[in-house]
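Following: one structure in structure tokens, then a few remarks.
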Amino acid sequence: MLSHSLSKTDQSVISLDLFNDLPPSPEAAQMPLAAGSVLLRGFAQSMDAELLRAIDAVIVQAPLRHMQTPGGYTMSVAATSCGSLGWVSDSTGYRYAALDPSSRRPWPAMPACFLDLAQRAAAQAGYDNFVPESCLVNTYTPGAKLSLHQDKDEKDLTAPIVSVSLGLPAVFLFGGAKRSDKPQRYRLLHGDVVVWGGPSRLAYHGVLQLADGEHALLGRRRINLTFRRVLV
Ligand code: MD3
Ligand code: FE
């Protein structure tokens, strides 16, 4: 079939040419958030059950934990990782590590459906050949939050970060290059994927306290996957 040789982007262009009375498919519901950053509304929704099974398998091998920050706080978000490197924080600082410090074993391999999703989302946003070594799995229960911060522990700052939201909705804060820049607020919903790159790659960002609620598939939780290219 002809369409098999075409990328998602090509297919939407063609279908819009042939059927310009129809709205774009949900997968093409793209909104630019800033230069280099794109929200793909609902991009992961159709594979939510498969993603959740893969997340459960990762968490069995590398349990969620509340990490310490170098500033002496315990994070309200519980996290784990998969891939060849995992993001860790303790009293000595933040870093990427090949071994899970809790078990001293390698992190679980990145599930094939994770890598496939991250690469398709990056390509849709214009980043070809995205090969993340790391996926951080953040879990929020009601009340959990992530204070404004920058992601700058990765050596390759030219690669985007792909983030996937599952479960309860969250209010995401997207600020500027300085902590004091007033952030914009976005509601991130189950199945939303955001590709963060380009000039906004070092923007301050955070997540407001999660509101209570119940999600049909995930229950009283929000899970965020962030795919990162760490090494140059
Ligand atoms: C914007 N996680 O783990 S990823 C994190 O929902 C983190 O758990 C958030 O921030 C979460 O570090 C959302 C969104 C994200 C990641 C990197 C960015 C947004 C970004 C880099 C620049 C600008
Ligand atoms: Fe971050």
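So that you can scan it fast, the table gives a plain yes or no per residue for (1) among the hydroxyl-bearing types (S, T, Y); (2) modelled with pLDDT of 95 or more; (3) over 12 Å from L33 (Cβ atoms); (4) within 14 Å of ligand 2 (Cβ to nearest atom):
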| residue | (1), (2), (3), (4) |
| --- | --- |
| K145 | no, yes, yes, yes |
| D153 | no, no, yes, yes |
| G176 | no, no, yes, no |
| W196 | no, yes, no, yes |
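As for region 133-141, it holds no residue that is surrounded by fewer than 15 Cβ atoms within 10 Å (Cβ to Cβ) and within 16 Å of ligand 2 (Cβ to nearest atom).
Residue-by-condition table, conditions (1) touching a residue at least 60 places away in the same chain (Cβ under 8 Å); (2) assigned to a loop (DSSP other than H, G, I, E, B); (3) closer than 21 Å to G42 by Cβ; (4) more than 11 Å from ligand 1 (Cβ to nearest atom):
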residue	(1), (2), (3), (4)
S102	no, yes, no, yes
M110	no, yes, no, yes
Y127	yes, yes, yes, yes
L136	yes, no, no, no
S147	no, no, no, no
A177	no, yes, no, no
V195	yes, no, yes, no
G206	yes, no, no, no
Q209	yes, yes, no, yes
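Does any residue in region 82-98 that is free of Cβ contacts under 8 Å to residues at least 60 places away in the same chain come within less than 7 Å, Cβ to Cβ, of a residue that is of a type in the set (K, R) and in a strand (DSSP E or B) six or more places away or on a different chain, and which pairs are these? Sorted first by the residue in region 82-98, then by its partner, the pairs are V88/R95. In this structure, does R187 turn out to be among the basic types (K, R), within 16 Å of ligand 2 (Cβ to nearest atom) and closer than 18 Å to S37 by Cα? No: the conditions fail for R187.
Filter region 112-125 for residues that are assigned to a helix (DSSP H, G or I) and within 15 Å of ligand 1 (Cβ to nearest atom) and give the result. Within region 112-125, F114, L117, A118, A121, A122 qualify.
For region 72-86, the criterion of being polar (S, T, N, Q), out of contact with any strand residue (DSSP E or B) (no Cβ under 6 Å at 6 or more places or on another chain), in a loop (DSSP other than H, G, I, E, B) and modelled with pLDDT of 95 or more is met by at least one residue.
The values are calculated or read from the model by the stated rules, or taken from the named source; none is laboratory data. Fair warning: this is a prediction, and the values are worked out from it, not measured in the lab. As a convention, Cβ positions derive from the backbone with ideal geometry for all residues, glycine included, and neighbour counts pool all protein chains shown.
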